[in-house]
Amino acid sequence: MGLLKVSVIFLLSLITMTLAEPPGCKIRITDRGLEMLKAETKRFVEGELSNITMPEMRGKEGRFQYTIKDYDEGAINASAEGVNIFTVLHLIKDQDGRLKISNITCNAFITKMRARFSGTLGRVYDFIGTLLTTGMRFVLNKQICPALNHAALVLVNQLLETVPVRTEVNSYVGIDYSLLNDPVVTETSLDMDFRGMFYDLKNENDTLVNNAVNPVLREYDRMVYLALSEYFFDSGLYSYFKGGLFQTQIANERMPKDLEMLLRTTYLGKIMMLDPAFMEHPLSLELEVTSPPRSTIKTSGAMVAVNCNVKVLVLPPGKPAVQLSSLTMEGNFNAEVSMKGKRLTIHLELKKFKIFSSESAFESFALIPLQGPLKTMLQISAVPLINNYIKRGVQIPLPDGMDFIEEVVEYHNGYIIVGANLHFRTGLREIIERKLSGETDNSV
């Protein structure tokens with residue numbers, strides 16, 4: 001019975017692991033990056049603690065009874081010794097898939113304070129100074145942790161709200177950066193798994209299933225590492241395909257004259273059979289991708305494979321277009337991935353190209369002279385249009401005011417890794433104040 005129970009538990013665990021959604025995007029912040037974040041947070045906390053005010057103080061010392069409100073008039077030169085603050089932040093994935101501080105464990109105490117008073121009653125205060133500084137230390141000890149709680153649970157969480165979770169990329173697609181589980185904190189890093197999935201804005205539920213390799217992060221040298229699987233790119237290609245972006249027409253001024261002449265020569269017999277008058281009319285090419293393009297990432301680089309239907313048409317003025325032929329085009333594009341700030345961009349370059357007829361071997365043979373000019377046409381006309389549209393790239397899940405610098409892109413089998421250092425363009429306080437005022441990060 002015991003063996004059966006263990007086997008069932010193992011089987012259920014195996015099923016759970018199998019059904020777990022793999023991430024399309026991973027981020028690792030190493031101890032170097034965490035030290036930088038800690039230093040920036042320390043400056044922010046110091047600013048928060050400087051806003052602590054002393055409440056009204058009442059008391060009795062011997063025959064003296066005193067009430068101090070706003071410290072009367074004058075000034076206090078105070079110093080604290082042995083200020084110790086211990087905090088632990090509890091990071092979770094909230095119900096929207098956003099990184100959030102759920103709780104803060106705080107323990108703070110000031111072991112010793114010194115104060116010298118000036119003003120109208122300065123000598124009197126000096127006389128009871130030991131009692132007052134003890135009271136001040138007690139009051140401040142009680143205010144430090146509430147101030148830090150507000151800083152973390154309210155202000156820093158507002159900063160984390162600037163990290164994109166589910167947002168539009170452009171008029172065609174959006175991207176989902178929901179956390180798949182709670183962050184994993186170790187002695188050397190903070191690791192986060194994101195869905196990393198694009199979707200069609202017209203049909204957000206029509207998404208690609210993630211069957212890609214789970215990226216593996218082993219590096220710790222830089223402050224931060226971003227890993228993106230083939231699924232990240234394939235879901236984008238799938239969404240653009242569903243959104244109808246991958247279709248275009250080459251005609252009139254966009255049609256190179258030498259290519260049009262070759263098309264007329266190739267289809268001269270077909271044109272004459274249909275109507276000799278068609279020889280005077282312009283020709284066009286209609287290109288439509290027939291299935292979602294797929295990416296392949298290897299150590300040698302990234303590639304995108306595209307299958308396309310190409311229609312050769314005659315355009316009689318004032319009449320419907322007349323189809324001369326329907327061809328199949330297969331193209332392989334080199335995809336160069338780069339990173340700047342917090343935007344990931346891709347630049348495509350046509351590497352391999354083949355066009356043929358699936359209906360006639362003779363027509364495929366006749367198309368051989370067209371291979372070179374057609375490839376040149378795509379390189380000059382179609383590919384720049386795509387690159388121009390996608391050149392703005394997509395924002396990665398980083399909060400406002402924080403950027404990648406000194407980026408290095410590495411290609412692995414099934415995924416890429418971008419290693420970088422972190423840079424704050426401004427302090428946490430300024431970022432949070434802009435968030436509270438409704439300003440957006442102009443860098444994205």
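Condition first: more than 19 Å from F404 (Cβ to Cβ), charged (D, E, K, R) and assigned to a strand (DSSP E or B). Now tell me which residues in the stretch 328-361 satisfy that.
Result: E330, E349, K351, K352, K354.
Given the criteria out of contact with any Leu (no Cβ under 7 Å at 6 or more places or on another chain) and either open to solvent by less than 20 Å² (accessible area, probe 1.4 Å) or modelled with pLDDT of 90 or more (or both), does V156 qualify? Explain how you work it out, then say what you get.
Numbers: out of contact with any Leu (no Cβ under 7 Å at 6 or more places or on another chain): yes; either open to solvent by less than 20 Å² (accessible area, probe 1.4 Å) or modelled with pLDDT of 90 or more (or both): no.
For V156, the condition - out of contact with any Leu (no Cβ under 7 Å at 6 or more places or on another chain) and either open to solvent by less than 20 Å² (accessible area, probe 1.4 Å) or modelled with pLDDT of 90 or more (or both) - is not met.
How many residues does the stretch 17-48 contain that are part of a helix (DSSP H, G or I) and open to solvent by less than 80 Å² (accessible area, probe 1.4 Å)? Please lay out each step first, then the result.
Residues of the stretch 17-48 part of a helix (DSSP H, G or I): 17-19, 31-48.
Subsequent filtering for residues that are open to solvent by less than 80 Å² (accessible area, probe 1.4 Å) retains 31, 33-34, 36-37, 39-41, 44-45, 47-48.
Here the count works out to 12.
Sort out which residues of the stretch 389-401 are surrounded by 22 or more Cβ atoms within 10 Å (Cβ to Cβ) and more than 12 Å from the chain's Cα centre (by Cα), and write them in order of number.
Within the stretch 389-401, G401 is the sole residue that qualifies.
Just one of the numbered conditions (1) in a strand (DSSP E or B); (2) under 45 Å from the mean Cα position of the chain (by Cα) is not true of L324; which one?
Here L324 clears every test but (2).
Kindly establish whether F353 is in contact with a Gly (Cβ under 7 Å, 6 or more places away or on another chain), open to solvent by 10 Å² or more (accessible area, probe 1.4 Å) and closer than 21 Å to E288 by Cα. Working first, answer last.
Values: in contact with a Gly (Cβ under 7 Å, 6 or more places away or on another chain): yes; open to solvent by 10 Å² or more (accessible area, probe 1.4 Å): yes; closer than 21 Å to E288 by Cα: yes.
Yes, satisfied.
If you go through the stretch 402-433, how many residues are open to solvent by less than 60 Å² (accessible area, probe 1.4 Å) and assigned to a helix (DSSP H, G or I)?
Total meeting the criteria: 3.
Suppose the filter is open to solvent by 90 Å² or more (accessible area, probe 1.4 Å), under 30 Å from G196 (Cβ atoms) and assigned to a helix (DSSP H, G or I); does L385 pass it? Even if it seems obvious, please write down each step before you answer.
Working: open to solvent by 90 Å² or more (accessible area, probe 1.4 Å): yes; under 30 Å from G196 (Cβ atoms): yes; assigned to a helix (DSSP H, G or I): yes.
Yes.
Kindly indicate which of L201, L180, L226 is more than 17 Å from the chain's Cα centre (by Cα), among the aliphatic types (A, V, I, L, M) and open to solvent by less than 50 Å² (accessible area, probe 1.4 Å).
Details: L180 fails: more than 17 Å from the chain's Cα centre (by Cα); L226 fails: more than 17 Å from the chain's Cα centre (by Cα).
Exactly one residue qualifies, and that residue is L201.
What do you reckon, is G236 more than 17 Å from the chain's Cα centre (by Cα), open to solvent by less than 30 Å² (accessible area, probe 1.4 Å) and either under 15 Å from K26 (Cα atoms) or not polar (S, T, N, Q) (or both)? Outline the logic, then answer.
Details: more than 17 Å from the chain's Cα centre (by Cα): no; open to solvent by less than 30 Å² (accessible area, probe 1.4 Å): yes; either under 15 Å from K26 (Cα atoms) or not polar (S, T, N, Q) (or both): yes.
Criteria not met by G236.
The values are calculated or read from the model by the stated rules, or taken from the named source; none is laboratory data. Since this is a predicted model, take the numbers as computed values, not measurements. With ideal geometry, Cβ positions are generated from the backbone for all residues, glycine too; neighbour counts draw on all protein chains shown. The protein model used for the area step is the full one, side chains on, heavy atoms only, and it has no ligands, DNA or RNA in it. Shrake-Rupley method; radii C 1.70, N 1.55, O 1.52, S 1.80 Å.
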